[in-house]
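Novice: This is the structure I want to talk about, given as structure tokens.
Values in this text are rule-based calculations from the coordinates and carry no lab data. Please read all numbers here as calculations on a predicted model, not as lab measurements. Here the Cβ positions follow ideal geometry from the backbone for every residue, glycine too, while neighbour counts run over all protein chains shown.
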């Protein structure tokens, strides 16, 4: 399994998105992570369709879309049409999660489920076989720049063990406070994909930081 | 009363907002109109704080913020901090509208109330004295590029008559399908401020279109 780095557009310069998107295109990053917040499911409003369409216009890498919204079902087809490759919904937002996952696949996208810091991994037991990705939130969703919650490492280990029998190919993604200081621990715990916002866009050279995150990756894999 | 033109950022290029904001700065436009949609009050998610902050960073004219969101009260202080000069909430979204209007004033902003196409003007009778602005929606809110609803002219006339005794200084703003083809009728009906999105950003020269909208204004005032 190749490890993936997904810079979060939430930390980009919204006055000059084309420039920042082209920076990510030319970097070693794998995906764009796209954080949609509605101000209802989470206490922040980030952006939706007009910004997604601007990202899609210039992005040369897959869009990994994280829906922090209530009632995501009504918007799945529109996010697929707006260029999503992966659509991740929250466990806590979906009463009929199996139906929602089916709808994401029917729209031609990979399906992910995100779990908040308080949500036990075991709750995914009966949906894991249907998923392409699980997003383990390592902060409470809503804002960039928060501090990594250490219990995330236990959750990733538990999820990795559960996936080994149910769905060994599922991508385990981690989002929140991820950077060079904890990436090694997360990879060893079993995580595959890493969202990084401030760690990348707040670095003196974002492309150099992306490269560093990818190289740490390579070192760990060869050790 | 000076008539105001408020280009809607919703129709700008979200990949290059700085460029479009600087275009508006250098034009004859009066305000930036900022459409915040949460996907719950309206069937679309536009943008929130990170985009507002990018607009604020470059905008040299007041931000006229139109909140198409449920429970706006919880976000008023943050929108004020993000640079709003005017904060407009929806009549249909506010159970305690008088409290919400007080909160907008307490946050140091001008207070507006928007009414959907089906909402009668008379429902504003007991709040009009407290308002700086009424936004008469001339389309159902949620999307740019929609067709103007002709009954808006009757609503503007009725509101103008009601305001003449209760609050003659209130700004009557119209939003949705406004352009050079109906601006004269709207001014004659009593409207003061005009949101224009596609009419401006879809024009061959947005600055020339803004100028044309302002000149029509001047012609009518001198006639």
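Novice: Considering each residue of segment B:30-53, count those that are within 7 Å of chain A (Cβ to nearest Cβ), surrounded by fewer than 24 Cβ atoms within 10 Å (Cβ to Cβ) and either in contact (Cβ under 8 Å) with a residue 60 or more places away in the chain or closer than 30 Å to residue B:215 by Cα (or both), and give that number.
Specialist: So the count comes out to 1.
Novice: Output yes when any residue across segment A:12-23 is assigned to a strand (DSSP E or B) and either out of contact with any strand residue (DSSP E or B) (no Cβ under 7 Å at 6 or more places or on another chain) or at negative phi (or both), and no when none is.
Specialist: Just the residues of segment A:12-23 that are assigned to a strand (DSSP E or B), to begin with: none.
Checked segment A:12-23: no residue is assigned to a strand (DSSP E or B) and either out of contact with any strand residue (DSSP E or B) (no Cβ under 7 Å at 6 or more places or on another chain) or at negative phi (or both).
Novice: Would a scan of segment A:53-61 turn up a residue that is part of a loop (DSSP other than H, G, I, E, B), more than 27 Å from residue B:42 (Cβ to Cβ) and in contact with a strand residue (DSSP E or B) (Cβ under 8 Å, 6 or more places away or on another chain)?
Specialist: Yes: one or more hits.
Novice: In addition: Looking only at segment B:119-142, which residues are part of a loop (DSSP other than H, G, I, E, B) and in contact with a strand residue (DSSP E or B) (Cβ under 9 Å, 6 or more places away or on another chain)?
Specialist: Across segment B:119-142, the qualifying residues are B:119, B:127, B:131, B:132, B:138, B:139, B:141, B:142.
Novice: Filter segment A:3-29 for residues that are closer than 17 Å to residue A:134 by Cβ and surrounded by fewer than 23 Cβ atoms within 10 Å (Cβ to Cβ); which is farthest from the other protein chains (Cβ to nearest Cβ)?
Specialist: Here the residue is A:3.
Novice: Going through segment B:68-117 one residue at a time, which ones are within 14 Å of chain A (Cβ to nearest Cβ) and touching a residue at least 60 places away in the same chain (Cβ under 8 Å)?
Specialist: Of everything in segment B:68-117, just one residue is within 14 Å of chain A (Cβ to nearest Cβ) and touching a residue at least 60 places away in the same chain (Cβ under 8 Å), namely B:68.
Novice: Please give the number of the condition residue A:194 fails out of (1) in contact (Cβ under 8 Å) with a residue 40 or more places away in the chain; (2) over 16 Å from the mean Cα position of the chain (by Cα).
Specialist: (2)
Novice: Pick out the one residue from B:115, B:149, B:104, B:87 that is more than 28 Å from residue B:51 (Cα to Cα) and within 18 Å of the chain's Cα centre (by Cα).
Specialist: That would be B:149, the only listed residue that is more than 28 Å from residue B:51 (Cα to Cα) and within 18 Å of the chain's Cα centre (by Cα).
Novice: Give the residues of segment A:161-182 that are in contact with a strand residue (DSSP E or B) (Cβ under 9 Å, 6 or more places away or on another chain) and in a helix (DSSP H, G or I), sorted by residue number.
Specialist: The answer is A:163, and nothing else.
Novice: Sticking with this structure for a sec: So which residues in segment A:80-117 are in contact with a strand residue (DSSP E or B) (Cβ under 7 Å, 6 or more places away or on another chain) and closer than 14 Å to residue A:38 by Cα?
Specialist: A:89, A:90
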